[in-house]
Amino acid sequence: MSLSKLEKNLLDFFEEHADKSYKVDEVANIFNYRGNKNYKRLIKALNFLEYIGELDITAQGKYQRKQQKDKQATGIFRANAKGFGFVSVEADEPDLFIPPNNIGEAMDGDEVEVTILKEVNPQTGKGSEARIDRVVKRATQQLVGEFFAYNKEEREKTGYLGFVEPNTVSSRHLQIFALPEGVHPVDGSIVIVKIKDYPSAERPNVMTGLVAKEIGHKNAPGVDILSVLYKFNIPHEFPENVMEEVEQFPDTVSSEDMEGRVDLRDQLIFTIDGADAKDLDDAISIDRLENGHYQLGVHIADVSHYVTENSAIDREALERGTSVYLTDRVVPMLPPKLSNGLCSLHANEDRLTKSCVMTIDEQGKVRDYQILSSVISSSYRMTYDAVNAMIDGDMKTREEYPELVQPIETMVELHRILEKMRRRRGAIDFDSQEAQIIVDEEGNPLDIQFRERGVGERLIESFMLIANETIANHFTQKELPFIYRVHESPDEDRMTAFAEFATAFGLILRGSTADVAPKQLQTLLNAAKGEPYEPVLSMMLLRSMQQAVYSEEPKGHFGLAARDYTHFTSPIRRYPDLIVHRLITAYAKGRPNQKFLNKLTDQLPGIADHSSQMERRAVEAEREVDAMKKAEYMAQHVGETFDGTISSITSFGMFVQLPNTVEGLIRLDQMNDDYYQFNQQHMMLMGERTGRAFRIGQQVTIEVAAVDVPERQIDFTLLESEQIEVDSSIIRPTRKQKRNKKRHKEPQDHQSKQAKKKGRKKQSKNPNFKMKKRKK
């Protein structure tokens, strides 16, 4: 609900004075609303706030903040390293703040029952407060952390081997005392401890448990990443029964396996992947037809031929849900004999595939298609670097692969056509920045490089997208049970907040935020093309979107502006793709009986939901490792200066992103040149005395002040900032601040004037502000 400025100010006032009630005349005097016209406006605003339930009228006719009765709610508790936390109740509702003294026995991730002590302010989404009354369900049965051993005297006195300090940031305040019944690790080991006794009211930050496994010493190579895998319960070893099944598979494709398949081994088909990739699950063929249309073949490894339903491998793949890609290793969904061997589309090896062969016109429309069970033999194992070199005209590479020169040029043509088609219908191109962390053999970070996406990467993406859409459309029309990749329309409130944020850069989101179309958002991003704030705007839009998930319902894909979409192209590393292949095989035999369809209807929702959860788990683990390695890398550069861009602004400071994607915090309490106000609506900081402003997208120079690797925290100190012009009316001082300013206004001494003058001179010295690392 949108309130007027007066209504917002009134609500803020009554919120600050929730224990008092006021007559209309008293409110009019406080707000200086005199005169007949203003007085009527004030009464109207007060009555409206009473009507919507924000204010109460007492028996004496006074207005006061509505007194909320205690409300009960159930949600998931998320702990913060600083001791407080939040409870998520509903997906579309703001979280409830839990102060440290109200957490009780809860731990991060627990399902809890709370009493709401203070409701959320509907305008800011903040101001709530709740108390945890009871833990409904424990989320954590074990934790990973560093073991600190007791000496003999301490062991005899306490009865414990020592204690474990969790390596999870949200659990750092906890201590787990190790019982003697478990494994006896050495001091400094990273261990898994199974919890026996949870925190209680008497011992809120204390637990007991048994050490179940000693992962390795904290300084041993690779132990840091192993600890992350254990933290997220990501299995990295395959059970014995899975490996026994795998050993039954041959090393090559037999003639019996090829029976009933379309033989495409005489066609020019090749793979394009990263140089280090081993799980090659997609290959391409292309032809230009006489009528000007294109015939595109997308050939995907047929994992479903080997991984049959309810086999040991299938159950393990379902449990994992996805492969996990970390800095120096891959935790595969399937055992290496399949993922890197029998299913991987190696050059000059017969491989079983599912092929989607499409005829596409000059407008990017699929005119005809076939979905086939096939067998191929890839002619070349190409890398993105080699293909990009050929596209850029590198004669040496073209001469090395003369047979591929024409096909790759045709692929580029079709990619441009498909890209334009997606752009016409409004698909959003986020073009997010990715970093590649280079590590040595022991996992120590050597460099962080910005990963460029060339035409080679983009054209493969285009071909995978059109294949996924074609498969999804095919089964939607047949109205058969299926699994889809869905991305629903964004939440109205988030879109409204994003639209307000965009106005800080002079950008206007046209149309209604209630039913915003992808094309409107892409138009906005196009307007920011080439601007310094473009990456930040793109990132903020991405954060404003719903999460893409798997579903048994074809709800469409908002970001791609696609009516139907699925994941068909990566069955080696994604379980939903494997299910899609299995369904293609089942439906190719004709419409199944009702019993089979009923079974799918029951199974697919659970598979979709679990796959979405496993995907999120993998993303969180990948982010954790990236944050750890970035912190380790920046610890080597403390005291050095870099140029960067403000990527986020909060009430406690601003985050700055460097060109290599590393992000660090400039703390507000370290910015001592002024008193800075935070404007949440425009995501800005503005100095009350100097008018100096900071906003997202602004370029700054920083010094790396400190790095805390265990906390994944990087602190920066501000040295210089690009000078920007901002309407000072955007951030208005509060009445209290105005009063304080009048009372405490002090003359500036000569030294502060000189510092201010020097700061202005320093800001204007570098108007172009090139992004580069500077030598100290």
Exercise. So is Gly222 under 19 Å from Val324 (Cβ atoms), surrounded by fewer than 15 Cβ atoms within 10 Å (Cβ to Cβ), of a type outside the set (Val, Ile, Thr) and out of contact with any helix residue (DSSP H, G or I) (no Cβ under 9 Å at 6 or more places or on another chain) or not?
Worked result: yes
Problem set entry | strands (runs of 3 or more DSSP E) contained entirely in region 146-211, each with at least 3 residues that are surrounded by fewer than 18 Cβ atoms within 10 Å (Cβ to Cβ) and in contact with a Gly (Cβ under 8 Å, 6 or more places away or on another chain) | 189-197
Seminar exercise, completed: All-but-one check, Glu500 against (1) in a loop (DSSP other than H, G, I, E, B); (2) surrounded by fewer than 16 Cβ atoms within 10 Å (Cβ to Cβ); (3) touching a residue at least 12 places away in the same chain (Cβ under 8 Å), failing number (1)
Exercise. Looking only at region 280-295, which residues are acidic (Asp, Glu), outside any loop (DSSP other than H, G, I, E, B) and surrounded by fewer than 21 Cβ atoms within 10 Å (Cβ to Cβ)?
Worked result: Asp287
Problem set entry | Every residue from region 582-597 that is under 37 Å from the mean Cα position of the chain (by Cα) and farther than 23 Å from Ile300 by Cβ | Phe596, Leu597
Exercise. For region 572-583, does any single residue satisfy the condition of being touching a residue at least 12 places away in the same chain (Cβ under 8 Å), assigned to a loop (DSSP other than H, G, I, E, B) and crowded, with 18+ Cβ neighbours inside 10 Å?
Worked result: yes
Seminar exercise, completed: Note on region 33-83: residues closer than 18 Å to Glu15 by Cβ, open to solvent by less than 60 Å² (accessible area, probe 1.4 Å) and within 40 Å of the chain's Cα centre (by Cα) are Leu49, Ile52, Gly53, Glu54, Leu55, Arg65
For this session: Keeping to region 428-469, report how many residues are more than 19 Å from Ala386 (Cα to Cα), touching a residue at least 40 places away in the same chain (Cβ under 8 Å) and assigned to a loop (DSSP other than H, G, I, E, B).
Result: 10
Exercise. Is there a residue being modelled with pLDDT of 95 or more, crowded, with 19+ Cβ neighbours inside 10 Å, in contact with an Asp or Glu (Cβ under 7 Å, 6 or more places away or on another chain) and at negative phi anywhere in region 382-390?
Worked result: yes
For this session: Among the candidates Gly590, Gly644, Gly639, single out the residue that is at positive phi and touching a residue at least 12 places away in the same chain (Cβ under 8 Å).
Result: Gly639
Exercise. Does Gln370 satisfy the condition of being farther than 16 Å from His299 by Cα, of a type outside the set (D, E, K, R), open to solvent by 20 Å² or more (accessible area, probe 1.4 Å) and at pLDDT 95 or above?
Worked result: no
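The values are calculated or read from the model by the stated rules, or taken from the named source; none is laboratory data. None of these values were measured; they are calculated from a predicted model. Here Cβ is always computed from backbone atoms with ideal geometry, including for glycine, and neighbour counts include all displayed protein chains. When the accessible area is computed, the model is the full protein with side chains, heavy atoms only, and any ligands, DNA or RNA have been set aside. Shrake-Rupley method; radii C 1.70, N 1.55, O 1.52, S 1.80 Å.
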